C-alpha cells in the first residue's frame, strides 16, 4: 500500500508541474549587397523595352468597341487603350522577346488582320 501511494504521488508530481515551451526570436539578416541587387533589378526592368501588339488606331468609340471585343475573345492577353494625338490605340501584351510577340501576333492576326508588333517609347 505504501508503495502504491509513492507511485501515485510521484506520477502526480511529475505531470502537475507546468511545462514550458521553447521561446525564440527569429532575426532575418539581409545582406546589403542583396538589397542593392534587388534595387538594380527593379531599375533594369523599368527601362526594359517590352514588345506590344497594336490592333487598333482611330476614334474613341471604335477603340472602346475593339477593346471590349478583344478582351472577350482573348482573355489570356493583357490589353490597354492609349491616347496618342489624334487617335486612340489598343495595345496588347507585354512580350519580353520577339519570338513571344510573333507567336501572339500569329494568333491575334486571325481576328485583327492589321495587327502589328512594336516597341513603345519609354517615358
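What number of residues within segment 108-123 are surrounded by 14 or more Cβ atoms within 10 Å (Cβ to Cβ) and farther than 18 Å from residue 68 by Cβ?
3
Given the structure, is residue 90 loosely packed, with under 11 Cβ neighbours inside 10 Å and either touching a strand residue (DSSP E or B) at 6+ places or on another chain (Cβ under 6 Å) or outside any strand (DSSP E or B) (or both)?
no
Here is a yes/no grid of residues against (1) touching a helix residue (DSSP H, G or I) at 6+ places or on another chain (Cβ under 6 Å); (2) at pLDDT 85 or above; (3) surrounded by 14 or more Cβ atoms within 10 Å (Cβ to Cβ); (4) over 28 Å from residue 121 (Cβ atoms):
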site: 15; (1), (2), (3), (4): no, no, no, yes
site: 59; (1), (2), (3), (4): no, yes, no, no
site: 78; (1), (2), (3), (4): no, yes, no, no
site: 82; (1), (2), (3), (4): no, yes, yes, no
site: 98; (1), (2), (3), (4): no, yes, no, no
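The values are calculated or read from the model by the stated rules, or taken from the named source; none is laboratory data. The model shown is predicted, which means the values in this text are computed figures rather than measured ones. Quick reminder, even Gly has a Cβ in these numbers, built from the backbone with ideal geometry, and neighbours come from all protein chains shown.
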